[in-house]
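Read through the structure below, which is laid out as structure tokens, and then see the notes.
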Amino acid sequence: MSGDVSETIAAWTDSHCHLHDESDTDELLARARQAGVERLILVGTDPSSSARAVELATSVGDGAYATVGLHPHEATLGTAQILELLQSAADSGSIGASGAVVGVGECGLDYYYEHSPRATQREVFTEQIALAKQFGLALVIHTRDAWDDTFEVLRSEGAPDRTVIHCFSGGVEEASACLDLGCYISVSGIVTFKNAGALRDAARFVPDDRILVETDAPYLAPVPHRGQRNEPAWVAVVGEAVAAVRGTPIATFAALTRENTARVFQIPS
């Protein structure tokens, strides 16, 4: 994302957002730049949204990257088209550090809604772990009400070296288990919610080199924007809230999350 940002504004990275279905993308990106957001990871959840994420990342260029994946809600679609998108990106040189596609996901397990059978979710999750390894990409995980099975799958298959637990919603115990598996932990606007004390404890617990921040836009807008459509500009609100919990200066925290995002997705720092 090009554009001048005042030196007084911390430089943020939104490690997880969904903009490809929005009609006012240019305005969203402009507001993000004004808020100091220098980089975005645009996340796919099915073949069509993944393709659009790649297209948008390519058109935006500097500072925008994409992931390709199948959300557990869509697990019954199977991973054939996800493989095709990844192979096409690889064939065109648009994958990894040299291109727009930097991750597989979001994928994982969702036992809260169970829009897909649990067995199918686990099978498709396992296949996407293998795809992340095959293409040398980061893995982005969604897990809801499924910690035990998520950990079981990751232990059984072996978590990729660069794995992110997106929109982390657990406490210290779950964070510790994620860290033991080598995962990075990405914190969303939930951290600003009144009833999120356990998450704030976890956000304080995660070491400096394993924490990321995200919006998950257009979902989960942080306080004081709760109930509105979320947007990448508000990753600064999330980041400032986490920095306060950790007792870290805002600019310092913005810089370390920038470096962590660069490391996990292998993008320029």
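What follows is calculated from the coordinates using simple rules that are stated; it is not laboratory data. What you are looking at is a predicted structure, and each value in this text was computed from that prediction instead of being measured. Counting neighbours? That spans all protein chains shown, and the Cβs are built from the backbone with ideal geometry, glycine included.
How large is the Kirkwood hydrodynamic radius of region 1-120, in angstrom, based on all distinct alpha carbon pairs? Its Kirkwood hydrodynamic radius stands at 15.1 Å. In order along region 203-218, phi translates into HN-Hα couplings of 4, 6, 7, 5, x, 4, 8, 10, 10, 10, 10, 8, 9, 6, 3, x Hz, rounded to whole numbers, per the Karplus curve 6.51 cos²θ - 1.76 cosθ + 1.60 with θ = phi - 60° and x for Gly and Pro.
Excluding N260 itself, calculate the net charge of residues whose Cβ lies under 10 Å from the Cβ of N260, where each Lys or Arg counts +1 and each Asp or Glu counts -1. Local net charge: 0. For region 121-130, putting each phi into the Karplus relation 6.51 cos²θ - 1.76 cosθ + 1.60 with θ = phi - 60° gives couplings of 4, 5, 4, 5, 4, 4, 5, 6, 4, 5 Hz, in residue order, rounded to whole numbers and with x for Gly and Pro.
For region 12-265, a crude dipole built from +1 on the beta carbon of Lys and Arg and -1 on the beta carbon of Asp and Glu, taken about the Cα centre, is about 620 debye to the nearest 20.
When you work out D = kT/(6 pi eta Rh) for region 12-265 at 20 °C and 1.002 mPa s, using the Kirkwood radius from C-alpha pairs as Rh and the Stokes-Einstein form, the result is 121 µm²/s.
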